[in-house]
Amino acid sequence: MEAVEPQSLKKLSFKSLKRALDLFSPLHSHLAPPDPESKRIRISHKVNTEYRGINAVANQPPRQANAVAQTPVASNALALPGLEDSSDRQKGGAQNALVVGPSIQSKAPNDGGLPSKSITAFSASGSSERNLSTAAIMERIPSKWPRPLWHAPWKTYRVISGHLGWVRSIAFDPSNTWFCTGSADRTIKIWDVASGRLKLTLTGHIEQIRGLAVSSKHTYMFSAGDDKQVKCWDLEQNKVIRSYHGHLSGVYCLALHPTIDVLLTGGRDSVCRVWDIRSKQQIYALSGHDNTVCSVFTRPTDPQVVTGSHDTTIKFWDLRFGKTMSTLTHHKKSVRAMAQHPTENCFASASADNIKKFNLPRGEFLHNMLSQQKTIINAMAVNEEGVMATGGDNGSMWFWDWKSGHNFQQSQTIVQPGSLDSEAGIYALSYDLTGSRLVTCEADKTIKMWKQDETATPETHPLNFKPPKDIRRF
């Protein structure tokens, strides 16, 4: 016995097909002529499979010419099982009949010897077997899923190292000249956007800094950390001028209200606290989550506060009364990141199961993004051009088209030399105010700056988009 050469299934199929043609085909490269008998058997089997449960209503011979006009149209209708009353079937046959094709009837007495065509119809009453037989003949409509816009791919153009611990948070200055980062080394560093040089280092926290925000109306910066402290920094004096006390555990997220002087912080005590910036007083403790509040953003109009939590829910809050307006329970895992679109009234939320898009102000679910990153997503941001970036715990950086949910680029961050591969994790990311630069804060203690590839064109990087198949098309 000689050893059988391992071959692919495709190769074996082609070899088998060739041998069959050698045996049965009179001429090479010519298929055998069609056999009418086998064609008849094949079609009869298909018809039998498709219309197995359908009984033809027996035709009754017409007694006189005017009696033909009075009989129902569906005289040779195909009726589905499950209809009890045959008289009702004949009455309603003309109304809820679906045209399948013409059929030849016997000659009528006064039609000049020509066979008359009657409509073969098929009852569209509610039956569980209806879909099996109608799916094959229903017209398929094209997908209405929006086609994504083409976006140039993004690439890293600068790596900044300076922190001595994981970089956990980032915020941009309203003038777009500098940005600040908070780290597990307990410092806040301020960097120049254009050159990437370090401008200032602020110390004062005694644990890692999880949240940062810069006020657009004052020269104030706000920081929050695992040390339960929320601090307000005066950037003219570079020192802490206010502290907001009240959190019972670490503070994980922080946001500034866009129109009123209110600060929002969420933490491990499952509460989102609302602070008056000037008086340092706590206005509300927005309680209702069952676990850590790990993401928050604010809007000028209701719902003015939106929080995401490790309890997998997203809550909309009424800032006038400090009460929950509604709760979204679509996610199955912790909602660690949310991003509000800068111009549209909608937002996206990221969880380990999916990235979902919701409408505002009512919170209607719009759709899932069309791919799954399959990792814990710590941060996300979207710019005005509709490019959404999401950073994962495994160092994956994915870019999405906002409108269609198409994932047009998947990249993997590279750890700086001397770091472990397991330190490829993205903890925070933010676009600058123009939306043309993206900054990521990572577990290898670096800050990476990204920009779009200017040399890319739709020809060099074509759009590989397939609309989702699981949406019903008919």
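The values are calculated or read from the model by the stated rules, or taken from the named source; none is laboratory data. Nothing here was measured: the structure is a model prediction, and the numbers come from that model. Here Cβ is always computed from backbone atoms with ideal geometry, including for glycine, and neighbour counts include all displayed protein chains. Only protein heavy atoms, including side chains, enter the accessible area calculation; ligands, DNA and RNA are left aside. Shrake-Rupley method; radii C 1.70, N 1.55, O 1.52, S 1.80 Å.
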The correct ranking of Glu364, Glu384 by accessible area at 1.4 Å, largest first, is Glu384, Glu364
Given a 1.4 Å probe, the accessible area of the range 386-436 per residue, as a whole number of Å², is 37
Measure of compaction for the range 135-253 (Cα Rg per 2.2 N^0.38 Å): 1.56
So which lysines can Lys15 reach, going by Cα to Cα under 27 Å and dropping same-chain residues fewer than 8 places off? Lys39
Here are some pairs, Lys155/Lys239; Lys239/Lys333; Lys144/Lys451; Lys10/Lys466; Lys144/Lys374; Lys403/Lys448; which of them have Cα atoms lying more than 29 Å apart in this structure? Lys155/Lys239; Lys239/Lys333; Lys144/Lys451
Could you list the residues of the range 231-268 with an amide nitrogen less than 11 Å from a label point located 7 Å from the Cα of Asp276 in the Cα-to-C-beta direction? none
Percent of accessible area on the range 140-239 owned by carbon and sulfur, 1.4 Å probe? 50
Gap separating the Cα centres of the range 340-361 and the range 387-452, nearest whole Å: 18
Taking N as its residue count, the alpha carbon Rg of the range 251-372 over 2.2 N^0.38 Å: 0.99
Over the range 342-474: Kirkwood hydrodynamic radius from C-alpha pairwise inverse distances, Å: 15.9
Accessible area, probe 1.4 Å, largest first, for residues Ser422, Ser411, Ser8: Ser422, Ser8, Ser411
